[in-house]
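These notes concern the structure reproduced below.
Every number here is computed from the coordinates shown, using simple stated rules; none is lab data. Predicted model, so just to flag it, every value in this text is computed and none were measured. Virtual Cβ from ideal backbone geometry, glycine too; neighbours counted across all protein chains shown.
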Amino acid sequence: MSVRRVLGLAELDRGRPALPVGELSSDARLLAQDLIDTMRASPACVGLAAPQIGVPLRAFVLDVSGHRKARTVHGELVLFDPELLEAQETEVAREGCMSVPDLTGDVARATRIVLRGRDVAGAEKVIRTDAFEARAVLHELDHLDGLVFLDRLAGPGALHARRVYR
Amino acid sequence: MARFSLHAVGVDRPGIVAAVTGALASIGANLEDSRMTILGGQFSIMLVLDAPSVADASLLEEALAPASTELDLLIAVRPLVESAHLDAGGEMAVVSVHGADHPGIVSRMAGEVAAAGGNVVDLATRVVGEPEMPGYVMVLTVALAPGSTLESLSERLAQAAAELQVHCAVAPGDGELL
């Protein structure tokens, strides 16, 4: 259990998909705990994927509780080997990334999604969500495929400077 | 580190970015942040560059002189003065204003932002629609003064927007991180 350093844009392994976690080991559970601890350590952080802390595995955590744009909220969500099953309707909205903290971008994302994955106990979960939680999930799934929000901008006008809280 | 800001303006044509950045690369200048756009057929670019081997802005202007002459560009280079405004600590807001076009919309809304202690850090405006009934769209990003709230700015701008007969929406600018 520890707060890990979040990799910056220049350090991320871009364009290479992360590997399946497969059968859950104690290492996988420790990874989940590190992701949660790292996410909780930054007040503005509501989601984090394993590749962002330098672990090339398909796992992410998120918690959008209390977010003003959230509708459906699952609380603290830990998913291994997540898989997107359905994605409907799109909306353009601004999002930021722990690995690119100086910038935000306007990105089109599905507003209603269904995904499947396994929780820390290894149980399969099917999750239906929408609005900001859907955006957060899709952002994390991108990380698992070696993508960041910058890969999805409509143009230079969709990129904005972000105040960095140091 | 010797950092400079560069502004270049001229009638748009193919090859301007290549010519300007080529001249900068030839003297070892490293481009940092930049923004380029075309408004009314006019090319405009602002960029920040790091030129460790350049002692004086005039040397950069000399290197750019052939491109400037060939492409009829107005180019200005200045030593970069750091500004701390964006890191002042207040919230960020995105203000969207739209309605029928008439003089004074930008100045009034920007005046309200300034009066609230806010700093406009990004601004884009467009005239849209048919010439006989033009609409106006303005989007600006504002760094609020520390302690100032989105709600108070929103109320102030709503009042001004009502008087200008335009629509105004204020949204949080900095989202959560993922």
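In this entry, the protein assembly as shown is assigned a mean projected area of 20.7 nm², taken as a quarter of its C-alpha convex hull surface. About its Cα centre, chain A has a charge dipole of approximately 500 debye under the convention of +1 per Lys or Arg Cβ and -1 per Asp or Glu Cβ, with nothing else charged.
When the Cα positions of B:LEU153, B:ALA65, A:ALA131 are compared along the charge dipole of the protein assembly as shown, A:ALA131 comes out farthest toward the positive end, with charges on each C-beta of Lys, Arg, Asp and Glu. For the range B:86-172, the spread of Cα coordinates along the three principal axes comes to 44, 22, 18 Å, biggest extent given first. I'd like to know how chain A sits against the 2.2 N^0.38 Å rule of thumb: what's its Cα Rg over that expected value? Chain A yields a ratio of 0.96.
Mean partner shielding of peptide A:154-162, defined as the number of other chain Cβ atoms within 10 Å of each residue Cβ, is 4. Across chain A, C-alpha contacts under 8 Å between residues 6 or more apart give a mean separation that, scaled by the residue count, equals a relative contact order of 24 percent. Its Cα gyration tensor gives the range A:86-166 an equivalent ellipsoid, and the semi-axes of that ellipsoid, as √(5λ) in whole Å with the largest first, are 25, 16, 10.
In the protein assembly as shown, a dipole from Cβ-located charges (positive for Lys and Arg, negative for Asp and Glu) runs towards its positive end, and of B:VAL95, B:LEU49, A:GLY155 it is B:VAL95 whose Cα lies farthest in that direction. Relative to one another, the C-alpha centroids of the range B:136-165 and the range A:3-19 are positioned 38 Å apart.
Shielding by partners for peptide B:56-63, expressed as the average number of C-beta atoms from other protein chains within 10 Å of each residue's C-beta, is 0. Angle of helix B:16-26 to the longest C-alpha principal axis of chain B, folded into 0 to 90 degrees and rounded to 10: 50°. Shape class for chain B: oblate, because the ratio a/c of the largest to smallest gyration tensor axis (alpha-carbon atoms, square roots of eigenvalues) is 1.5 or more and b/c is at least a/b.
A:ARG29 to A:LEU85: FRET efficiency via 1/(1 + (r/R0)^6), r the Cβ-Cβ distance, R0 25 Å, to the nearest 0.05? Using R0 = 25 Å, I get an efficiency of 0.50. Centre-to-centre separation between the Cα atoms of the range A:39-63 and those of the range A:64-84: 12 Å.
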